[in-house]
Amino acid sequence: MSTKQHVEIYTDGACSGNPGNGGYGAVLVYIDLKGIKHEKELSAGFKDVTNNQMELMAVIAALEILKKPVEATITSDSKYVVDAFEKGWIEKWMSNGWKTVDKSPVKNRDLWQRLLKAKENHDIKFVWIKGHAGHKYNERCDELAVNAYKNLTD
């Protein structure tokens with residue numbers, strides 16, 4: 001049994017245009033030792049980004065805010081993010097010098113490397129869910145992500 005605290009992390013990215021203005025949303029949920037439920041929401045907007053970049057940034061932001069090592073379940077509607085870890089793509093990319101199966105450079109390598117660093121001290125499980133299907137936290141993450149890019153100023 002692990003002594004690490006368990007945190008549920010929900011993430012989503014959104015873009016208006018691809019590339020275009022984008023944003024991410026994340027919700028972290030945990031129950032403290034007194035049994036009290038805590039939720040923390042994160043979001044930010046960016047210009048000239050892709051949806052996949054925002055999906056990655058949501059996970060990165062959530063992990064980078066953690067102050068100590070945790071066990072976390074990261075729930076995302078992004079197959080791009082979830083499959084990279086759950087299907088072993090990331091290990092293959094690294095062993096191939098950050099090249100895909102067809103020998104082209106992995107897109108968003110800088111963000112993948114930042115994500116790998118952010119998850120180093122944590123025990124992470126990635127779970128995929130269908131987006132826009134009524135999941136409370138996925139819907140909230142989408143709302144946070146969309147509001148983040150809609151509130152960008154010039």
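The values are calculated or read from the model by the stated rules, or taken from the named source; none is laboratory data. Nothing here was measured: the structure is a model prediction, and the numbers come from that model. FYI the Cβ positions are ideal-geometry reconstructions off the backbone, even for glycines, and counts take in every protein chain you see. Just the protein is used for accessible areas: all its heavy atoms, side chains included, with ligands, DNA and RNA removed. Shrake-Rupley method; radii C 1.70, N 1.55, O 1.52, S 1.80 Å.
Listed values, structure above:
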{"read-out": "Solvent exposure of the chain as accessible area per residue, Å², 1.4 Å probe", "value": "56"}
{"read-out": "Highest-first arrangement of 142-151, 28-37, where packing means the average Cβ count within 10 Å", "value": "142-151, 28-37"}
{"read-out": "Subset of 92/117; 40/119; 40/99; 87/107 violating a 29 Å alpha-carbon distance limit", "value": "40/99"}
{"read-out": "Estimated distance in nm for a label pair at residue 8 and residue 91, the labels positioned 7 Å out from Cα along Cα-to-Cβ", "value": "2.9"}
{"read-out": "Accessible area of the chain belonging to carbon and sulfur atoms, whole % at 1.4 Å probe", "value": "50"}
{"read-out": "Kirkwood hydrodynamic radius (C-alpha pairs) into Stokes-Einstein, the chain, 10 °C and 1.306 mPa s, D in µm²/s", "value": "100"}
{"read-out": "Packing-based order for 10-17, 81-88, 49-56, using average beta carbon neighbours within 10 Å, highest first", "value": "10-17, 49-56, 81-88"}
{"read-out": "Cα centroid separation - region 112-128 against region 55-87, whole Å", "value": "6"}
{"read-out": "Mean Cα-pair separation over length for the chain, i.e. relative contact order, pairs under 8 Å, 6 or more apart, %", "value": "34"}
